[in-house]
Each structure stands twice: as C-alpha cells, then as structure tokens.
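Contents: one structure, followed by commentary.
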Amino acid sequence: MICAAEDVAGHQRTLLVGDLNLNPFERGVVMASGLHAVMTKATADKRGRAVGGKQYRYFYNPMWGHFGDRTPGPPGTHYYSRGDDVSYFWHMFDQVLIRPDPIERFHDNTLQILTAAGSMPLIGQNGRPVASGHLPILFKLDL
C-alpha cells in the first residue's frame, strides 16, 4: 500500500514514524513483502532488491543503532517482562523508517529515545518507562 501511494504521489520520500508493535528484526518489518526496513544506509542506498522476480523498495531503519546497553539512552522504547520461555524484556516498537531519497536530510546524530519531557521523568529509578508503556523518539529532518 505504501508503494502504491508513492506511485500515485510521484515520489519515494516517505517517512514512517510510530508504534509498529514489532521489533526492527521481526518479519513484518524486515521481509521484502512487509516494510522491508534495513539496518544500514549502505543497504538502503541500493533502493531495493528483487525477490521472486518482483522488485521491493527499502526503508532505512536507524532504530537498530539504539538497541541495547551500548547506546546513549535506554535500551529500547518499551519494556515488557513476560513469563514465557522467551522474553526480550526491552523492545524497539517505536520506530522511524525512511526511504533512501530523503536520507541525506535525516540527521542520525539527533535521533534519541527521550527519558524526560521537560522536568518530568519518563523513566523510573529502575530505568523503565513510568508515564506510558512507550518512550517517545525525537529526531531532526531538514524539510
């Protein structure tokens, strides 16, 4: 549907921002017939790839670089501890996906997961979200 809308609009400058309710590595985000979002600009710059004889366009997903302890902010945008055998605990449900055309207008260094709204903390002493189940993301895009 996104590709069809781009074709009608006559451009591929799409930016998709929001709660995808999926992690960056899950099928709906990475598979060619899904959002086809990749973790590197170099891959996204190739514009897309053919799968089964059909061409699929890439999105760039910079949220991959904000996952885990080796990031300047929290390890994800949503925390959920399940009693199941497999639990990721931290998730990156809130994402920004960008097509290759506007990538040069996107400033990777401004992308952050917010932990406060003014003087109001959004995370508790345990480092987990308190005001909402999700932490907001902030970035700069030159228009």
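When the dipole is taken about the Cα centre of the stretch 2-141, and only Lys, Arg (+1) and Asp, Glu (-1) are charged at their Cβ, what size is it in debye, to the nearest 20? Kindly include the intermediate steps, with their values, before the conclusion.
On the way: 14 positive and 12 negative charges, 71 e Å.
Dipole size: approximately 340 debye.
With a 10 Å cut-off between alpha carbons and a GNM built on the chain, which of P75, P129, P102 moves the most?
P102
Please report the antiparallel percentage of the DSSP beta bridges confined to the stretch 2-141, to the nearest 5. List each step's numbers first, then the result.
Values: 21 of 23 bridges.
Within the stretch 2-141, antiparallel bridges account for around 90 percent of the total.
Which whole-percent values make up P(r) of the stretch 43-143 when all C-alpha to C-alpha distances are grouped in 5 Å steps starting at zero?
The calculated distribution, bin by bin, is 2, 11, 19, 19, 16, 13, 10, 7, 2, 1, 0.
Read phi for every residue in the stretch 105-114 and hand back ³J(HN,Hα) as whole Hz from Karplus 6.51 cos²θ - 1.76 cosθ + 1.60, θ = phi - 60°, with x for Gly and Pro.
The phi angles translate into 8, 8, 9, 3, 5, 8, 5, 8, 9, 6 Hz.
Tell me which residues come under 5 Å, amide H to amide H, from F25 once H is placed; ignore anything under 5 positions away on its chain.
none
Test of understanding: what is the full-extension gain from N109 to R27, defined as 0.36 nm times their sequence separation minus their Cα-Cα distance? Display every interim value, and only then the final one.
Numbers: separation 82, 0.36 × 82 = 29.52 nm, distance 2.69 nm.
Value of the extension gain: 26.8 nm.
Could you tell me how far the Cα centroid of the stretch 79-117 sits from the Cα centroid of the stretch 1-36, in Å?
If you average the Cα positions of each part, the centres end up 15 Å apart.
If the cut-off is 17 Å between C-alpha atoms, which lysines fall inside it for K54, apart from same-chain ones fewer than 8 positions away?
Hits, sequence-local ones excluded: K46.
Please compute the net charge surrounding Q112, taking Lys and Arg as +1 and Asp and Glu as -1 over other residues with Cβ under 13 Å from its Cβ.
Numbers: positive: K140; negative: D94, D108.
Here the count lands on -1.
Just G18, G68, G53 to compare: in a GNM of the chain, with alpha carbon springs under 10 Å, which one fluctuates most?
With Cα springs under 10 Å in the chain, the top fluctuation among G18, G68, G53 is at G53.
From the residues V86, F67, V30, which one has its Cα farthest along the dipole of the stretch 2-141 in the positive direction, the dipole being from +1 and -1 charges on Cβ of Lys/Arg and Asp/Glu about the Cα centre?
V30
At a Cα cut-off below 14 Å, give the aspartates and glutamates reachable from K140, other chains included and same-chain residues fewer than 8 away excluded.
Excluding near neighbours in sequence, the set is E104, D108.
Work out how much length Y88 to V130 would gain on full extension: take 0.36 nm times their residue separation and subtract the Cα-Cα distance, in nm to one decimal. Can you show the working numbers first?
Values: separation 42, 0.36 × 42 = 15.12 nm, distance 1.86 nm.
Roughly 13.3 nm would be gained on extension.
Counting only helical runs of four or more DSSP H residues, what would the 222 nm mean residue ellipticity of the chain come to if each run contributes -39,500 (n - 2.57) and the total is spread over all its residues?
On the way: 3 runs with 16 residues, N = 143.
-2500 deg cm²/dmol, from helical runs alone.
Each reported figure results from applying straightforward, stated rules to the coordinates on display, with no laboratory input. Worth saying up front: this structure is predicted, and the values here are computed from it rather than measured. Reconstructed Cβ throughout: ideal geometry from the backbone, glycine too, with neighbour counts over all protein chains shown.
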